[in-house]
Amino acid sequence: MTSPLLSVRNLRVTFPTRQGAFQAVRGVNFDLGRERLGVVGESGSGKSMTGRSLLGLIRPPGKVEADRMEFHDQPLLDLSERQMRKIRGSRISMVMQDPKFSLNPVMKIGDQIIEAYRLHAGGGKAAARQKALEMLDAVQIRDPARVMETYPHEVSGGMGQRIMIAMMLAPDPEILIADEPTSALDVSVRTEVLNIMDRLVRDRGMGLIFISHDLNLVAQFCDRVLIMYAGRIVETLAAQDLHHARHPYTQGLLNSLPRLDAPIDRLPVLQRQDSWRDAEPMPDIQKTEFPGGL
Amino acid sequence: MLTVDQLDVWFGFPPDRVDAVQQATFAVAPGESFGLVGESGSGKSTILRAVAGLIDTWSGRIGVDDQPVSGTRRDRNFYKTVQMVFQDPYASLHPRHSVDAVLSEALRLQGMQDIDRRIARLLDDVGLGRGFRFRYPHQLSGGQRQRVAIARALAAEPRLLLLDEPTSALDVSVQAEILNLLADLRAEHDLTYVMVSHDLAVVAHMCDRLAVMQHGRIVEIMSGAALRAGAGQQDYTRHLIQASAGYSRA
């Protein structure tokens, strides 16, 4: 067994509100190996907050606490902003949901990639430009030299998302956190973006945290899935076992989806139970710790 | 109920003119549920907006109940027959109008009497209790907001509902509730639906027939059963069905 890239124990994210402290994440435990790890849940289940807290992206007054949050045995919690910046972007990076909001609208795409790359990897402008072209090529953008000279509003959503991925992957991170990377994309573009990420995980041995609300997609794409409900992980499954999920919440989510292959008159509606909020997660029944085995 | 014949919709002027919809032709029978599917930019929402009178640059023929409509002018009778529900329940309700204000305005515009009793009925119809009547949108969840938007559309007692991605901003569990609600309302009130969605499974669940669109053109009109069977006549339809089925590792 290899040691995990990332190890998280009892992660808590708290926001003070007028009604008292609100816990968005309430004691999350997981390890990430060189695998595709899916994190699924409804809006408000704390999945994005979990991803953001790993990179210290929770702004005050939000508070992140954990018994352990280690990246290669290096604690990530309580790093100074300066130390965090060494890790964020270069060793762990993140792709957000909507490229429209994460690219700088008044800067050429090439310049953005070059700037990001030089910030993390240093080096001359010419080398960075070469690297940017390579990365755009790696995410299957046709005519990268032309795209380098365009502004974000001139490219489509799918292209924007691929550009974001190119930018995030230029410094060769060890972990990529992808927060709903394909939710804003059409199905045919989605497949392309997933293929790119899949290849990067396989070829570079990167760890991928794939945050999504789409259970079926995650089951098909990832190796292992964490299901979150109300700030906690209620169940961890090997992706191919998703349809044998044992937690009623996971089953409820799966059943509430209309399916092309199995028509029904009425969709079963998820009946939430208060007991799910604090119950222990389903016992782990996985045979191996990292079924991806990368 | 609704006929659309050789509909063209364009935006802008040459040389920047974009032909958003080209030669779209379909008809929806009373009581039918008709779907429009396609990827973003394929023109599916544009057709709905042209029917509703939100776009004035169109040509061709649109008829509702055998009455032709023109431009963006719609008479009172049209709005009594046709109502629309929009995609984003967070954007389609006025943030400073309470549920009561939203519904009573819609009812007053339709010249309805007995507004107080009707609001209570509308809220019951969409499965919101009376307790929601004086809430503001920020006090409601996404699913509850979409219920209010549906109640607002029902206020006119329409016979044709135009649904533009009514559940794509919602969680799957909430989506199931709203789809069930729409199915119930259609049975109760004898409604006709035209539903736009990018989600083939949702359209197959809700619609008897559907049109597949690509680049502003209707590629194919097929039955829901044919969609389930994956029996597309056109390459694009089959490609779309396959891509929607999910991800298979290359």
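Roughly what % antiparallel, to the nearest 5, for the DSSP beta bridges in region B:94-250?
Of those bridges, close to 55 percent are antiparallel.
Using alpha-carbon pairs under 8 Å, 6+ residues apart, how would you state the relative contact order of region A:179-265 in percent? Walk me through the numbers on the way to the answer.
Working: 63 pairs, mean separation 16.3, N = 87.
Reported as a whole number, the value is 19 percent.
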Discussion item. Between A:ARG82 and B:ASP8, how high is the FRET efficiency from 1/(1 + (r/R0)^6) when r is the Cβ-Cβ distance and R₀ = 60 Å? Nearest 0.05.
Written reply: 0.55
Worksheet item: What angle, in degrees between 0 and 90 and rounded to the nearest 10, separates the Cα long axis of helix A:125-138 from the longest principal axis of the Cα atoms of chain A?
Response: 50 degrees
Practice prompt. Would you mind calculating the gained length between A:GLU115 and A:ASP172 on full extension (0.36 nm times residue separation, minus the Cα-Cα distance), in nm to one decimal?
Written response: 19.0 nm
Worksheet item: Going by a 1.4 Å probe on protein heavy atoms, which residues of region B:201-248 end up with at least 40 Å² less accessible surface in the whole assembly than in their chain alone?
Response: B:ALA201, B:HIS205, B:ARG228, B:ALA243, B:TYR247
Discussion item. I want to check the label-to-label distance for A:GLN19 and A:THR150. Put each point 7 Å from Cα in the C-beta direction and report it in nm to one decimal.
Written reply: 4.5 nm
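Take the alpha carbon gyration tensor of region A:234-285, find the square roots of its eigenvalues, order them as a ≥ b ≥ c, and report rounded if a/c is under 1.5; if not, report prolate when a/b exceeds b/c, else oblate.
Values: a/c = 4.26, a/b = 1.42, b/c = 2.99.
Judged from the Cα gyration tensor, region A:234-285 comes out oblate (a/c at least 1.5, b/c at or above a/b).
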Discussion item. What does DSSP give for the protein assembly as shown in terms of the percent of beta bridges that are antiparallel, rounded to the nearest 5?
Written reply: 55 percent
Worksheet item: Share of antiparallel DSSP beta bridges in chain A, in percent to the nearest 5?
Response: 55 percent
Item to complete: Set the Förster radius R0 to 30 Å, insert the Cβ-Cβ distance between A:ARG266 and A:GLU65 as r into 1/(1 + (r/R0)^6), and round the FRET efficiency to 0.05.
Response: 0.10
Discussion item. For peptide A:258-271, what's the mean number of Cβ atoms from other chains within 10 Å of each residue's Cβ?
Written reply: 6
Worksheet item: Could you give the accessible area per residue of region A:200-280, probe 1.4 Å, as a whole number in Å²?
Response: 44 Å²
Item to complete: Express in whole angstrom the spacing between the alpha-carbon centres of region A:122-194 and region B:1-60.
Response: 33 Å
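On the accessible surface of chain A, probed at 1.4 Å, how many percent belong to carbon and sulfur atoms?
Values: 6670 of 13790 Å².
C and S atoms contribute 48 percent here.
When the helix-only estimate is applied to the protein assembly as shown (DSSP H runs of n ≥ 4, each -39,500 (n - 2.57), divided by the residue count), what is the mean residue ellipticity at 222 nm, nearest 500 deg cm²/dmol? All intermediate terms of the calculation are to be shown ahead of the outcome.
Working: 20 runs with 192 residues, N = 544.
Using -39500 (n - 2.57) per qualifying helix, the result is -10000 deg cm²/dmol.
Output the relative contact order of region B:39-99, whole-number percent, from Cα pairs under 8 angstrom with separation of 6+ residues. Could you put the intermediate results ahead of the total?
On the way: 28 pairs, mean separation 14.8, N = 61.
It comes to 24 percent, rounded to a whole number.
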Fill in: chain A: relative contact order in percent, alpha carbon pairs under 8 Å with at least 6 residues between
24 percent
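Where only protein heavy atoms count, and the probe is 1.4 Å, what is the accessible area per residue for chain B in Å²?
Values: 11130 Å² over 250 residues.
Here the per-residue accessible area is 45 Å².
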Discussion item. Using a 1.4 Å probe on the protein heavy atoms, what percent of the accessible area of region B:23-96 belongs to carbon and sulfur?
Written reply: 47 percent
Worksheet, complete the sentence: For region A:170-182, in residue order, the Karplus 3J(HN,Hα) values (coefficients 6.51, -1.76, 1.60; θ = phi - 60°; whole Hz; Gly and Pro = x) are 4, x, 6, x, 8, 10, 10, 9, 10, 9, 6, x, 10
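Any idea of the total accessible area buried by the B-A contact, 1.4 Å probe, rounded to 100 Å²? Please report the intermediate quantities before stating the final value.
Details: alone 12500 and 15090 Å², together 24920 Å².
Counting both chains, the buried surface is close to 2700 Å².
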Worksheet item: Sorted by packing (mean other beta-carbon atoms within 10 Å per residue), highest first, where do B:193-205, A:8-20, A:84-96 land?
Response: B:193-205, A:84-96, A:8-20
Response to the item:
Heads up, region B:116-250 by the C-alpha gyration tensor (a ≥ b ≥ c square roots of eigenvalues; a/c under 1.5 rounded, else a/b over b/c prolate, else oblate) looks prolate
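Cα gyration tensor of region B:29-72, axes a ≥ b ≥ c as square roots of the eigenvalues: rounded (a/c below 1.5), prolate (a/b > b/c) or oblate?
On the way: a/c = 2.59, a/b = 1.11, b/c = 2.34.
It is oblate, given that a/c is not under 1.5 and a/b is not larger than b/c.
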Worksheet item: Heavy-atom accessible surface, probe 1.4 Å, ligands and DNA/RNA ignored: which residues of region B:151-182 lose at least 30 Å² versus the isolated chain?
Response: B:ASP171, B:VAL172, B:SER173, B:ALA176, B:GLU177, B:ASN180
Worksheet entry | Residue-normalised accessible area of region A:10-68, expressed per residue, 1.4 Å probe, Å² | 44 Å²
Worksheet, complete the sentence: In whole angstrom, the spacing between the Cα centers of region A:1-73 and region B:177-250 equals 38 Å
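The values are calculated or read from the model by the stated rules, or taken from the named source; none is laboratory data. Everything numeric in this text was worked out from a predicted model, so none of it was measured. No Cβ is skipped: glycine too gets one built from the backbone with ideal geometry, and neighbour counts run over all protein chains shown. For the accessible areas, the whole protein counts, side chains as well, though only heavy atoms, and no ligand, DNA or RNA atoms are used. Shrake-Rupley method; radii C 1.70, N 1.55, O 1.52, S 1.80 Å.
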